[in-house]
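Undergrad: My questions all concern the structure below.
The values are calculated or read from the model by the stated rules, or taken from the named source; none is laboratory data. Since this is a predicted model, take the numbers as computed values, not measurements. Virtual Cβ from ideal backbone geometry, glycine too; neighbours counted across all protein chains shown.
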Amino acid sequence: MSEKSTNVGRSARSALAGLALAAFAAPVAAQETVIEVSATQPEYFAQDRAIWDLYEEENPGVKIELFSINEDTEAAFQARVAAGDPPDIRGLTFPTRDNYKTYVNLLDIDFPNWDKANYDARTIFEQTHGVEGYAPAFNVQGGLFLNLIYYADEMEKAGLDPKSIGSVDDLRALLEELKAHVDTRDDVNYVLDIGWHPRFWGRWLLEAWGVGMGATKEDFRRLWTGEIAWTDQENNPMVPALELAKEFTEKGYFPENWWTRAWEQEYEASFITGKSIMAVHGPWLWNKVLAQNPDAELDGIFFPPNENGVVWQDATTADRGSALFAGNMDDPNFEAAKKAFYWWTSPEIVKLRAEAIGYLPAMDLTDQGGVELQNPQYVKLVGPALDAGEITFDNSLGGQAAAGPMQKSGTPFVVEDNAMASEIGAYVSGETSLEELLELMQARWDQSYGQ
Amino acid sequence: MGKASTKNTLLIVVLSAYCLLTLVPFYILAVRAFTPTIQSTELHLWIPERRDLSMNSRIGDLSTIYNVDARAFRNAMEIKGYLNPQLKLSQIAEQYGIEPDRIRDYLEPYVQYNGIYTIVNNGFVRSLIATIVVTGASVLVGALLGIMTGSALAGFRRRWHMFVYNSYLLNMIIPPMMVILPQYIIITRYLGLENSLMSLILLHIKGGALSTMVFTSYIATVPRELKESVAMDGGKHYHYFLYILLPLMGTPFAVFASITMPWFWNDLLHALVLLRPDNYTLPAFVASIGGTFTTNFEAIFSGVLLSLAPILVVYLVFQKLFIRSAMAGAVKG
Amino acid sequence: MSQVTLSNAVKRYGAVEVLHGIDLEIAANKLTVLLGPSGCGKSTLLRMIAGLEDISDGDLRIGDRLVNDVDPSRRGCAMVFQNYALYPHQTVFKNMAFPLKMKGTPKSEIELKVRETAKVLELEPLLDRLPRDLSGGQRQRVAMGRAMIRNPEVFLFDEPLSNLDAELRVKMRLEIARLQKELGATMIFVTHDQVEAMTLADQVVIMNGGHVQQVGAPLDIYNHPANRFVAGFIGSPSMNFLPFESVRNAENAAVVRLEGGLEIALDRVVPDTARTLGVRPEHVSVGGRNLTIPEDQFTTLGAEHLGDRAYHYVRLPFGDITILQAEGQALPQTGALSLGLNADRVHFFDADGLALGQASDQTTGTT
Ligand SMILES: Nc1ncnc2c1ncn2[C@@H]1O[C@H](COP(=O)(O)OP(=O)(O)OP(=O)(O)O)[C@@H](O)[C@H]1O
Ligand SMILES: [Mg+2]
């Protein structure tokens, strides 16, 4: 019998050998230089592609292999990077103190575009993360704006003019009238549409509204770096914004239980499909509405400026910057990758990129004749505001970014955390008091940033 | 007589109701594949109406939201050079002197059947073929190896048989995510299988505790006299394997295939890590359609629907094989 | 055709020896039955001949050829297994064609031979059926057909009839006997059913505990068992054994003193070394004068009535004995029981169980 089982062994072995043989017949590499690039964002794959097409035209023999990374594919991508096989260029990244070494230190190579940036790109990562002498990414996008967007035709129908709003009280008055109008409408459900998104609430909205209600970004930096206690109700610059959120909730301007509404599937969808007339948002909702309904008459306003005429704008940091991978520095195509990266971050191309996607570049583009932004948010809102010059935008570092160097590795942010949705919900619905919420925030801050 | 027929009718009604109930999710999925993303949060029992394409649409927005391939669009419209994504379709028509209807005819289906279009135009067929190759090869080779190991181990008569088996079992217990890095390194560096479907097949057939379990236990019921009879009749071992053992493996194969096929078919993790987009299998392909701040649910549901269809067909085929093998029953006699 | 010869054949499984040096000649063109209790090594011996088990020691010849290391298919043997080992997914035709296919026989010839064999076995109408659609007897015949089709020199059967009911078994038994005559082949047939052995065999090999006990024609073995094991194994109900203490021989007569004091008077001489007397139930008669048992020394245990005759079981101080009586004849209800023994049919065994006297000319094994 033993001779029979060796027969099986033998046939199994030969089958395996066959497999292994086939396995080694890997595809032959092409002659051209291939540069693998991840798109800035999957949504902008086509826009990126069109610009990289120009690079391929200018550089025969170079092939730009563009791919996108989204939430579902991110983990697998990270595995690939961790295994030492990264692509050449990452289109958009959020470098952290844990992963920055994955990327080439742009200070160590002959990166030519530093001085075009209109912020201190060389040290920005040091400022936000406390790592000295390392620049893992280069960001060309100006900080985003937050605004209230609305259907202009619907506002007109309601007899309201948001453009006339100059103060938070004006906003209150408008929302009260809008609510009265919405109550008469069967097809409209919400007054000021909103949902929960940790980054939106934790990083942007509460700070932007806090600035509008009289604080400065400096106040927020002091809060975050421990100079102002979170529990100090008098001085905590976030308190007025939290109170306003509670007021809007109580008065029924915000949707009921808004902190449980999914950002994309519930909140954005309800505005896009016209279940609300006005909504709180950054830049993307404009495009989404217009893509679904290109004839929509969309317009917007900023959250009212404070008495100094200052409106919040996010700071430009290394976040969302593009990067080269350190693991490739010895690769034969590294020079070619560097060249493509320099091109991609050069003023000439940044102009194209900014125009294609629609953001204010964080770069001085006067050499290029400036940018001509045609995206709706810019055309309707940002452009006119900049032209009028009545308000100024504060795009200095936000509190959370400024506290970056103090944050202990692996600890959560204070507000930018899904766990905070129900806590804020409990406060705005009156279940818990402001003290309790602030104490919780203080505790979270102590844990992540305290001594 | 009357009583019995009422009972039968009742039974049929109940069973059909049950059957319908189990089919409802499929139906809803099918409707969703044609429901605009923006309406995907509501339950639709029929495909909702949608707007016609507006010439006020920006080509960039169409790319972003509807996954329109701007490069293909440019080529189809014979537009040379860079096309600003912020241009509205009406502006494109004007600037490049293209008939608006030509643009409309090209883009209208993208909007009307966005899910299916996105899926099909972005490489569904390629991914489908890749998936069929990977799943087919994994099931067949896996079964073959399982039968070979099974016929060597059948009955676990020796101590080392149990060792082999346990090592396979261990392989099954280790979560794939834990070994993904070393696996990746072995596969890309030492086997040179970067971006190769072969790597997925190798990973699927490695270990093989399940195939061994299924085939070993079944092979153990095949009387050894069959093997001896072949030997007496002048057959070599491979004759026995080929003519006798393999044809008898219908039932365990149906079991093995129906358990593993969905695993292999839906293997997202390995495909994402080991393959590049040009070689993606269906799950990776469908996963890669999502964005970071927008998700084209219409396309994703279409992708799910289209990738379900083939495996459904395969299942029906196997169903038959399974029933037939089950009816064939005992090997003995 | 071919005789099969084993010289000092030993089979070990690891450290366990299950066949202990078998010396055996199996006559050519005869039907030889290997008979013995379960576990005695019959199947092992058969499988060694077939080549399905290695031979641990000793020689095996088929004809003049030493075949110890010859591949099973080249030994010229065909085997019919107890469970028939038909290929379940192949039709009767394909099952029977398989050995020829393995030999590379041309298709047309296969067709011809299968039909021819099927005709002999009356399998023609069944050629397209699958084994599972056949009755037990039909399966048995298909297995026979598959064995026959290669014209083997030696047929090996391992309890081929044990899965059949009694009636079919008789029928198939006759059929096998007929085939053996027709084909004139050497057949080796394993069974533990002695009726099968007695009715089929030209030659019976009795085995026990891995040893051959006796080889001979069925009646020879019945009449002249070589030792106590064979004597007890062959014949049903079993032979009566009466152990005794001493013998007093006179001229042509002897008195045997049984354990417990009873005495048997015989009209013959008893070998000196004999320690046990054996006599079959049919050779004991009631009312004889060889042995008289007082009323208080025996009890009747009951009887088995077979219609024309009955076996009566009686308990004596030294053990039980069985007596065959014609139906209707009962044992005496009162008084002493006197028995007659057929002196010519009495066997004697020594302390080792070996047969003495008339049986000594038979081939003997050792226990
Ligand atoms: N593979 C094996 N390993 C160890 N011992 C074995 C093996 N096969 C058989 N034996 C032993 O050898 C002895 C003879 O077995 P065999 O099958 O030849 O008996 P048999 O005479 O055919 O009995 P039966 O009438 O029950 O079929 C038995 O004691 C059995 O336990
Ligand atoms: Mg046996």
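Undergrad: Looking at the range C:13-46, which of its residues are within 14 Å of another protein chain (Cβ to nearest Cβ) and either away from ligand 2 (no atom under 16 Å from the Cβ) or aliphatic (A, V, I, L, M) (or both)?
TA: C:G14, C:L46
Undergrad: I'd like to check something: does the range C:85-100 contain any residue that is within 14 Å of another protein chain (Cβ to nearest Cβ) and within 16 Å of ligand 2 (Cβ to nearest atom)?
TA: Yes; the residues of the range C:85-100 include at least one that is within 14 Å of another protein chain (Cβ to nearest Cβ) and within 16 Å of ligand 2 (Cβ to nearest atom).
Undergrad: Right, next: Here are the criteria: (1) surrounded by fewer than 16 Cβ atoms within 10 Å (Cβ to Cβ); (2) in contact with a Pro (Cβ under 6 Å, 6 or more places away or on another chain). Tell me which single one C:K171 does not satisfy.
TA: (2)
Undergrad: Evaluate the following for B:K236: is it basic (K, R), within 14 Å of chain A (Cβ to nearest Cβ) and surrounded by 20 or more Cβ atoms within 10 Å (Cβ to Cβ)?
TA: Values: basic (K, R): yes; within 14 Å of chain A (Cβ to nearest Cβ): yes; surrounded by 20 or more Cβ atoms within 10 Å (Cβ to Cβ): no.
So B:K236 does not fit the description; no.
Undergrad: Now a separate question. Taking B:V24 and the conditions (1) modelled with pLDDT under 85; (2) under 18 Å from B:A309 (Cα atoms), which numbered condition does it fall short on, given that it satisfies the others?
TA: B:V24 satisfies every listed condition except (1).
Undergrad: Now, a different point. Would you check which residues across the range C:150-171 are more than 16 Å from ligand 1 (Cβ to nearest atom), touching a residue at least 60 places away in the same chain (Cβ under 8 Å) and of a type in the set (A, V, I, L, M) and list them?
TA: C:V154
Undergrad: Here is a follow-up. Only one of A:F67, A:F94, A:F77 is touching a residue at least 24 places away in the same chain (Cβ under 8 Å), exposed (fewer than 15 other Cβ atoms within 10 Å of the Cβ) and within 14 Å of chain B (Cβ to nearest Cβ); which?
TA: A:F94
Undergrad: Can you confirm whether the range B:180-196 contains a residue that is over 23 Å from A:Q78 (Cβ atoms) and aliphatic (A, V, I, L, M)?
TA: No, the conditions are met nowhere in the range B:180-196.
One line per residue, one yes/no per condition, for (1) outside the structural domain of C:D23 (by TED's automatic domain parsing); (2) touching a residue at least 12 places away in the same chain (Cβ under 8 Å); (3) within 30 Å of C:F189 (Cβ to Cβ):
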{"residue": "C:M207", "(1), (2), (3)": "no, yes, yes"}
{"residue": "C:Q214", "(1), (2), (3)": "no, yes, yes"}
{"residue": "C:H224", "(1), (2), (3)": "no, yes, yes"}
{"residue": "C:F241", "(1), (2), (3)": "yes, yes, yes"}
{"residue": "C:G260", "(1), (2), (3)": "yes, yes, no"}
{"residue": "C:V269", "(1), (2), (3)": "yes, yes, no"}
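Undergrad: Considering (1) within 9 Å of chain A (Cβ to nearest Cβ); (2) not in a helix (DSSP H, G or I), say which one B:R71 fails and leave the rest.
TA: Answer for B:R71: the failing condition is (2).
Undergrad: So, A:E348, is that one within 26 Å of A:F125 (Cβ to Cβ) and surrounded by fewer than 23 Cβ atoms within 10 Å (Cβ to Cβ) or not?
TA: Yes, satisfied.
Undergrad: When the range A:257-292 is examined, which residues are found to be surrounded by fewer than 21 Cβ atoms within 10 Å (Cβ to Cβ), more than 7 Å from every other protein chain (Cβ to nearest Cβ) and not basic (K, R)?
TA: Answer for the range A:257-292, where residues must be surrounded by fewer than 21 Cβ atoms within 10 Å (Cβ to Cβ), more than 7 Å from every other protein chain (Cβ to nearest Cβ) and not basic (K, R): A:N257, A:T260, A:A262, A:W263, A:G274, A:G282.
Undergrad: Going residue by residue through the range A:210-222, is there one that turns out to be β-branched (V, I, T), more than 11 Å from chain B (Cβ to nearest Cβ), assigned to a helix (DSSP H, G or I) and within 25 Å of A:N118 (Cβ to Cβ)? Outline the logic, then answer.
TA: Step one: filter the range A:210-222 for residues β-branched (V, I, T), giving A:211, A:216.
Among the residues that remain, those that are also more than 11 Å from chain B (Cβ to nearest Cβ) are: A:211, A:216.
From the residues that got through so far, the ones that are assigned to a helix (DSSP H, G or I) too are A:211.
Remaining after also requiring within 25 Å of A:N118 (Cβ to Cβ): A:211.
Yes - at least one qualifying residue is present in the range A:210-222.
Undergrad: Name every residue in the range A:375-395 that is surrounded by 19 or more Cβ atoms within 10 Å (Cβ to Cβ) and of a type in the set (S, T, N, Q), in order of residue number.
TA: The answer is A:N375, A:Q377, A:N395.
Undergrad: Could you list, in sequence order, the residues of the range A:398-435 that are part of a helix (DSSP H, G or I), hydrophobic (A, V, I, L, M, F, W, C) and under 17 Å from A:L242 (Cα atoms)?
TA: A:M420, A:A421, A:I424, A:A426, A:V428, A:L434
Undergrad: Related question: Do any residues in the range B:40-55 that are outside any loop (DSSP other than H, G, I, E, B) have Cβ atoms under 6 Å from those of residues that are at pLDDT below 80, where the two are at least six apart or on different chains, and which pairs are they?
TA: none
Undergrad: Something else about it: Which residue, of B:N56, B:N8, B:N84, is more than 10 Å from chain A (Cβ to nearest Cβ), surrounded by 10 or more Cβ atoms within 10 Å (Cβ to Cβ) and not hydroxyl-bearing (S, T, Y)?
TA: Result: B:N8 is the single residue among B:N56, B:N8, B:N84 that is more than 10 Å from chain A (Cβ to nearest Cβ), surrounded by 10 or more Cβ atoms within 10 Å (Cβ to Cβ) and not hydroxyl-bearing (S, T, Y).
Undergrad: Further question: Could you check A:T345 against (1) closer than 25 Å to A:F393 by Cβ; (2) not assigned by TED's automatic domain parsing to the domain that holds A:I89 and say which number it fails?
TA: (2)
Undergrad: Sort out which residues of the range B:72-127 are among the aromatic types (F, W, Y) and modelled with pLDDT under 90, and write them in order of number.
TA: Residues satisfying the conditions are B:Y82, B:Y110, B:Y113, B:Y117, B:F124.
Undergrad: What tally of residues in the range B:199-210 results from selecting those that are surrounded by fewer than 21 Cβ atoms within 10 Å (Cβ to Cβ) and either among the basic types (K, R) or within 11 Å of chain A (Cβ to nearest Cβ) (or both)?
TA: So the answer is 1.
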